[in-house]
Amino acid sequence: MIEIRGLSKKFKKNEVLSGLDLVIDKAGIFAILGPNGSGKTTLIKAILGMVIPDAGEIKVADSNIKNSPDYRQKIDYLPQIANFPDNLKVRELIAMIQDLRGDSKEANNLIDRFDLHPFMDKKLVNLSGGTKQKVNILLTFMIDSPILILDEPTTGLDPLALIQLKDLIQEKKHAGKTILITSHIMSFVEEMTDEVVFLLEGKIRFKGLIQKLKQDTNQNDLEHAIAVLLEESHV
Amino acid sequence: MFKILKYSFYDLARSRWSYIYFLFYFILALVLLFLNHDLSKAVITLMNVIIILVPLIGTIFGVMYYYNSREFTELLLAQPIKRKSIFLGQYLGIAISLSMSLLLGIGIPFVIYGLFNSAAIWDFSLLLLTGVFLTFIFVALAFNISLENENKIKGFGYAVLLWLFMAVIYDGLFLMSLVMFEDYPLDKLSLIGTMLNPVDLSRTLILLKLDISALMGYTGAVFKQFFGTDTGLFTSIGVLFIWILIPVKRIVVRVKRKDF
């Protein structure tokens, strides 16, 4: 699915990723964790082709991403901040993404689920932050691609929408998708994900099941296990 | 590219600023025509406004749009489309919607006034044409500036400086150099100097078309010889085209290697 070899990236003098290797070749939910500045966002952006690596190679579904933008047809991306053109209507924005990605069977279903019907003909500038985030989620989940990348998906959601999001993620998992999630909320990660990828200083410090991470560090919950990993690295 | 263009045009065409921009020209042209009753005088006044205002609005709008739509651009970058298409689509969306405000805002009052029966139609068309050229040029320059500057405030600063330089400072420097070197033949130099700034080029083009070059003395005569002819006209339009092509080309090259 996703194969990354020797990925390095510097921003000016700041080395963010240094020779990172990562292979994700099965379905499931993977959390990408790490302290601020550990390279999570850069890693995701490199997979999406937004950041151009200094060295290394990224393959998505066996094709090198340098060759053509078409590989992104296989990825749905949920950006962290939902900000859309002010004067488009929700309906038009949905139409635009379908224009770019192909028609979606799921769109109407999701509009029902998130109760977006009253907003369909409103301009995006008039929506609240939470509603925008729902639209954001809808745009991502209405497309049926084998890989999903969710960047801080819980930001700004009310509890009801959060439950719906969790259901959606689980549904995608059962449909055999590969899902990458970044999040700062450990309870969310612990509840949702199968495996964690822990980044530290531009490299992968740990990759594996949450259970194994807890065992390795002799901790009962994920938060403390991560804390142990961080402490070890300072020694 | 056309898909992006379509939606960014939809977005901008409904923006309040497009209407304000349109209304400004509409009222200005209406007042000038119906209080003045002199078509060519109205054209000159409009020219003076267009030549300063179009570059200013083009740069500010271009920079503003780029920074405002940064997150949305990231979403687009994650779609299976080429970077080039995204940015050219957005660029054309802005340039076309601004041009529409200009063309309709000035065009409608002139048509009401009875432009089609008047001899001034060519001067008027040239005025609109240069206005559109200036819009395309300055929006492209604005995109170049914003692509270089992650920091919004810096980007805005440079954009305003660029406008100030092109619309005001350049003329001052140009004039000063003419005064300093007045002992030498300057006709060629001033011709080239004019070509190098799209704002000056547009102004000269219109003024000479309006046949008031006698006001400009000897250099004016040289200019008249050049700009007054068809060769001059086409060369100038060619140069304005180059002023669009180079910044647009640079956008395409720059976005290929940029990290977002």
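Residue count for region B:97-111, restricted to those that are buried (at least 20 other Cβ atoms within 10 Å of the Cβ) and in contact (Cβ under 8 Å) with a residue 40 or more places away in the chain: 8.
Here's the yes/no breakdown for (1) part of a helix (DSSP H, G or I); (2) more than 17 Å from the chain's Cα centre (by Cα); (3) closer than 30 Å to A:Leu124 by Cβ:
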site	(1), (2), (3)
B:Tyr7	yes, yes, yes
B:Phe24	yes, no, yes
B:Leu28	yes, yes, no
B:Leu33	yes, yes, no
B:Met47	yes, no, no
B:Leu56	yes, no, yes
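Quick one: in region B:225-260, which of the residues that are touching a residue at least 40 places away in the same chain (Cβ under 8 Å) and not in a helix (DSSP H, G or I) is nearest to the other protein chains (Cβ to nearest Cβ)? Top of the filtered list is B:Phe260. Of the strands (runs of 3 or more DSSP E) contained entirely in region A:134-235, those carrying at least 2 residues that are under 30 Å from A:Ser104 (Cβ atoms) and in contact with an Asp or Glu (Cβ under 9 Å, 6 or more places away or on another chain) fall at A:147-151, A:178-182.
Can B:Tyr184 be described as assigned to a loop (DSSP other than H, G, I, E, B), of a type in the set (Phe, Trp, Tyr) and within 20 Å of B:Phe226 (Cβ to Cβ)? The answer is yes for B:Tyr184.
Just to be sure before I move on: is A:Lys123 farther than 17 Å from A:Asp76 by Cβ, surrounded by 15 or more Cβ atoms within 10 Å (Cβ to Cβ), of a type outside the set (S, T, N, Q) and within 14 Å of chain B (Cβ to nearest Cβ) in the structure I sent? So A:Lys123 passes the test. The residues listed here are B:Phe34, B:Phe87, B:Phe72; of these, the one that is of a type outside the set (Ser, Thr, Tyr) and either surrounded by fewer than 20 Cβ atoms within 10 Å (Cβ to Cβ) or at positive phi (or both) is B:Phe34.
If you go through region B:129-165 and keep only what is surrounded by fewer than 18 Cβ atoms within 10 Å (Cβ to Cβ) and of a type in the set (A, V, I, L, M, F, W, C), you end up with B:Leu129, B:Leu147, B:Ile153, B:Val160, B:Leu161, B:Leu164, B:Phe165. Which condition breaks for B:Met64 when tested against (1) of a type outside the set (Phe, Trp, Tyr); (2) assigned to a helix (DSSP H, G or I); (3) surrounded by 19 or more Cβ atoms within 10 Å (Cβ to Cβ)? Single failed check for B:Met64: (3). If you take the residues in region A:128-148 that are more than 14 Å from chain B (Cβ to nearest Cβ) and farther than 30 Å from A:Asp70 by Cβ, which one is surrounded by the fewest Cβ atoms within 10 Å (Cβ to Cβ)? This residue is A:Ser128. Hey, among B:Val63, B:Val49, which residue is more than 14 Å from chain A (Cβ to nearest Cβ), in contact with a Phe, Trp or Tyr (Cβ under 7 Å, 6 or more places away or on another chain) and more than 18 Å from A:Leu93 (Cβ to Cβ)? Only one candidate passes the filter, namely B:Val63.
Residue-wise test of (1) more than 30 Å from B:Ser118 (Cβ to Cβ); (2) over 17 Å from the mean Cα position of the chain (by Cα); (3) modelled with pLDDT under 95.
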{"position": "B:Ser40", "(1), (2), (3)": "no, yes, yes"}
{"position": "B:Ile44", "(1), (2), (3)": "no, no, yes"}
{"position": "B:Arg70", "(1), (2), (3)": "yes, yes, yes"}
{"position": "B:Ser85", "(1), (2), (3)": "yes, yes, yes"}
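So, in region A:32-52, how many residues would count as being within 14 Å of chain B (Cβ to nearest Cβ), over 30 Å from A:Val125 (Cβ atoms) and surrounded by fewer than 21 Cβ atoms within 10 Å (Cβ to Cβ)? Qualifying residue count for the region: 1. Considering region A:55-75, and only residues there that are surrounded by fewer than 22 Cβ atoms within 10 Å (Cβ to Cβ) and at the interface with chain B (Cβ under 10 Å from one of its Cβ atoms), the residue that is farthest from A:Pro153 (Cα to Cα) turns out to be A:Ser68. Residues in region A:76-94 that are at pLDDT 90 or above and more than 7 Å from chain B (Cβ to nearest Cβ): A:Asp76, A:Leu78, A:Lys89, A:Val90, A:Arg91, A:Leu93, A:Ile94. Pairs linking a residue in region A:204-224 that is over 21 Å from A:Leu180 (Cα atoms) to a residue that is not β-branched (Val, Ile, Thr), with Cβ atoms under 7 Å and 6 or more positions apart or on different chains, are A:Thr217/A:Ala225; A:Thr217/A:Leu229; A:Gln219/A:Ala225; A:Asn220/A:Lys214.
The values are calculated or read from the model by the stated rules, or taken from the named source; none is laboratory data. The structure presented is a predicted model; accordingly, all values stated were derived computationally and were not measured. Here Cβ is always computed from backbone atoms with ideal geometry, including for glycine, and neighbour counts include all displayed protein chains.
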